[in-house]
Amino acid sequence: MQPQQDPPAPPAADRRPPVVANADNSSLALEALRGLLRELPAEGAHRLPTERALAERLGISRRSVRRALEVLVAEGLVWRRQGSGTYAGPQPGGAPTPAPGPVDPMEVMEVRLRLEPQIAQLAALRARPEAIARITALVDRLDTTQDADERELWDSALHREIARATENRMFLAIFDALDGARRDARWRALRERARGAATLDLYQGQHRAIRDAIAAHDPVAAGDAMRAHILALNETLLRQTSLEALPDVE
């Protein structure tokens, strides 16, 4: 009986350069394996190479690869068959793993509500004069912007500038990941329907309050103003999603 050989690596994985870092790093192994799984076709069963082959390909210790695979098994992203190997995807006969869906605007707002008030507080403590000048210029620009697409652009720029004023790269990276939801078509459509003269005036007044608190280096007022702003936007979006759920009346 011929010994079972590892399947060929996905073409994209062949082009992936070896990881150059501390070889005994389980977190690095987990990140690399997640990348490999993303490159596999969504359909069909895909047997992964052995732990030894993965370790050699990724330039990471076998122990780290084994630990990372255990995490992926716990998450339901891979499964093992005794004597056969490790396979990508949910285990046959098990509960199906929900496929990633479109961005849920309300989930985005949940994170914004817990993140951006803290960003505003830190910005009030750390903002330099040039950062305050940029925030002020962006608030002023929003005063003269009426086009929906342009307004979305400058609103994003304002909130990003506040995150940038914290001088904390991790906060800025998290904000950028969160702000990517603005590119989702459902988000943009929902925001467009939620806009009106009254809400635009409300939001812009809240932007000025946030700016003033940051300029005064008042972290409590900055956090409160940002929280009020996100809550107002959340309430408007919630109203729109509730209307979406109502049946059509003829």
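For segment 169-188, the count of residues that are assigned by TED's automatic domain parsing to the domain that holds LEU125 and over 25 Å from ASP104 (Cα atoms) is at least one. In this structure, ILE174 does not satisfy being under 19 Å from TYR203 (Cα atoms), under 24 Å from the mean Cα position of the chain (by Cα) and among the β-branched types (Val, Ile, Thr). Checked against the criterion of being closer than 26 Å to GLU31 by Cα and modelled with pLDDT of 95 or more, segment 81-91 has no qualifying residue. Taking segment 23-94 as the region of interest, the helices (runs of 4 or more DSSP H) fully inside it that hold 3 or more residues being more than 23 Å from the chain's Cα centre (by Cα) are 51-58, 62-74. When each of ALA148, ALA189 is tested for being exposed (fewer than 14 other Cβ atoms within 10 Å of the Cβ), within 26 Å of the chain's Cα centre (by Cα) and touching a residue at least 24 places away in the same chain (Cβ under 8 Å), the lone residue that passes is ALA148.
Just for segment 201-221: of the residues that are in contact (Cβ under 8 Å) with a residue 24 or more places away in the chain, of a type in the set (A, V, I, L, M, F, W, C) and part of a helix (DSSP H, G or I), which one is nearest to GLN240 (Cα to Cα)? This residue is LEU202.
Out of (1) hydrophobic (A, V, I, L, M, F, W, C); (2) over 19 Å from the mean Cα position of the chain (by Cα); (3) closer than 24 Å to ASP104 by Cα, the odd one out for ILE214 is which? Against the list (1) hydrophobic (A, V, I, L, M, F, W, C); (2) over 19 Å from the mean Cα position of the chain (by Cα); (3) closer than 24 Å to ASP104 by Cα, ILE214 comes up short only on (3). You will find that of ASP155, ASP140, ASP104, ASP147, the residue that is in contact with a helix residue (DSSP H, G or I) (Cβ under 7 Å, 6 or more places away or on another chain), acidic (Asp, Glu) and under 30 Å from HIS229 (Cα atoms) is ASP155 and no other. Beta carbons closer than 8 Å, at least 6 apart along the sequence or on distinct chains, pair a first residue in segment 53-81 that is free of Cβ contacts under 8 Å to residues at least 40 places away in the same chain and assigned by TED's automatic domain parsing to the domain that holds ALA29 with a second that is assigned to a helix (DSSP H, G or I) and among the acidic types (Asp, Glu) for ARG62/GLU51; VAL65/GLU51; ARG66/GLU51; LEU69/GLU51.
The values are calculated or read from the model by the stated rules, or taken from the named source; none is laboratory data. Source: prediction; values computed, not measured. Neighbour counts are summed over all protein chains in view; Cβ atoms, including those assigned to glycine, are modelled from backbone coordinates with ideal geometry.
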